[in-house]
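A.B. asks: Starting off with a structure, shown below.
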Amino acid sequence: MPEVTIIHWFFALLMAVILGSFGNVLIHRLPRMILSEADDLAEEPLNLSHPASHCPKCLNPLHWWQNVPLVSFILLRGRCGECQADIPWRYFIVESGSLLIGALSLYYWGWSWTGLFYFLFLYALWVISWIDAMHYLLPDLITLPLLVLGLLYHFCLSPSAQVYDTIFASVFGYALLRLVYHIHYALTKREGLGFGDMKLYAAIGAWLGLMLLPTVLLTACLLALVWALAARAFRSRSPLIPLGPFLSLGAVIGLFYPRWLLHLMGA
């Protein structure tokens with residue numbers, strides 16, 4: 001693996017934090033775009049570039065210096081520069097998370113195509129987890145390209161046997177959750193899973209392969225159960241649990257856990 005220099009770190013982290021800012025745009029606007037397409041009463045067309053970034057409270061457009069990732073939030077102390085309304089901490093957390101993903105990708109895979117591909121994988125999981133947690137929605141605009149990108153990565157950079165494994169894993173992942181969906185619906189007459197969960201699980205299979213899929217699903221289910229029990233303890237009724245963030249976290253654990261073991265063992 002080529003040596004990673006200070007210049008590599010600078011550009012990798014710079015691009016990561018910029019994409020973190022774009023991730024906030026996706027989290028805020030993409031669900032509204034999807035929902036507005038299904039609503040004939042939508043007042044104003046919305047896309048990822050229009051209208052320009054603005055304060056949702058006073059609607060004043062942001063100056064360039066008020067839109068610098070991480071830095072502006074700190075300098076403005078988490079408040080709008082015009083009306084002093086609070087800026088949600090989500091913006092800072094999403095950008096910080098993207099920065100961390102960039103650092104991890106460069107640390108584990110170096111300045112390489114593999115590092116770039118896995119950064120995009122982890123970045124997409126990070127963004128889509130926020131969307132699902134906030135809107136109970138896993139957009140095809142992210143899950144399907146993530147699936148294609150995983151297959152493309154293995155087709156270009158992996159042995160042929162691994163290519164077939166990831167293709168089979170993506171098909172198996174979708175089919176498994178589709179089967180669970182139909183069994184649950186037959187027993188309860190209620191939808192227990194969304195089709196977005198199936199597509200996300202298929203995409204994770206395309207990246208991680210068949211061997212890690214059961215681990216990902218088991219980890220996701222256990223984490224979701226713990227979350228549900230904790231939420232139920234503080235609420236009068238059972239909460240609706242989005243599966244996307246837990247599938248994503250299970251995928252991250254499945255991806256990094258072998259590497260953490262190797263590092264602990266000094267390998």
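A.B. asks: If you average the alpha carbon positions of segment 74-130 and of segment 183-229, how far apart do those two centres end up, in angstrom?
C.D. replies: That distance is 25 Å.
A.B. asks: Using modelled backbone amide H atoms (1.01 Å from N, in-plane), which distant-in-sequence or interchain residues come within less than 5 Å of residue 79's amide H?
C.D. replies: So residue 79 has HN proximity to 87.
A.B. asks: Most mobile of 234, 256, 73 per a Gaussian network model of the chain (Cα springs, under 10 Å)?
C.D. replies: 234
A.B. asks: State the Kirkwood hydrodynamic radius of the chain in Å, one decimal place, computed from all pairs of distinct Cα atoms.
C.D. replies: Its Kirkwood hydrodynamic radius stands at 20.3 Å.
A.B. asks: Go through 106-113, 128-135 and give me the packing order, highest mean Cβ count within 10 Å leading. If you can, show how the numbers build up before the last one.
C.D. replies: Values: 106-113: 15.8, 128-135: 20.5.
Averaged packing, sorted descending, gives the order 128-135, 106-113.
A.B. asks: Sort the following peptides by mean Cβ neighbour count (other Cβ atoms within 10 Å, averaged over residues), highest first: 114-122, 6-14.
C.D. replies: 114-122, 6-14
A.B. asks: So if R0 is 30 Å, what FRET efficiency would residue 148 and residue 83 give, r being the distance between their Cβ atoms, rounded to the nearest 0.05?
C.D. replies: Values: r = 42 Å, r/R0 = 1.41.
After rounding to 0.05, the efficiency reads 0.10.
A.B. asks: Helix hunt in the chain: which complete DSSP H runs extend at least 15 Å axially by C-alpha with mean Kyte-Doolittle at least 1.6?
C.D. replies: Helices meeting the criterion: 140-157, 213-234.
A.B. asks: On to the next question. For residue 25 paired with residue 178, estimate the spin-label separation in nm (one decimal), with each label point 7 Å from Cα along the Cα-to-Cβ line.
C.D. replies: Using points 7 Å along Cα→Cβ, the separation is 3.5 nm.
A.B. asks: For the pair residue 116 and residue 231, how long in nm is the line joining their label points, each one 7 Å along Cα→Cβ?
C.D. replies: Calculated label separation equals 3.8 nm.
Every number in this text was worked out from the coordinates using simple rules, so none of it is lab data. Because the structure is predicted, anything quoted here is derived from the model rather than measured. Don't worry about glycine lacking a Cβ; one is built from the backbone with ideal geometry, like all the others, and counts go over all protein chains shown.
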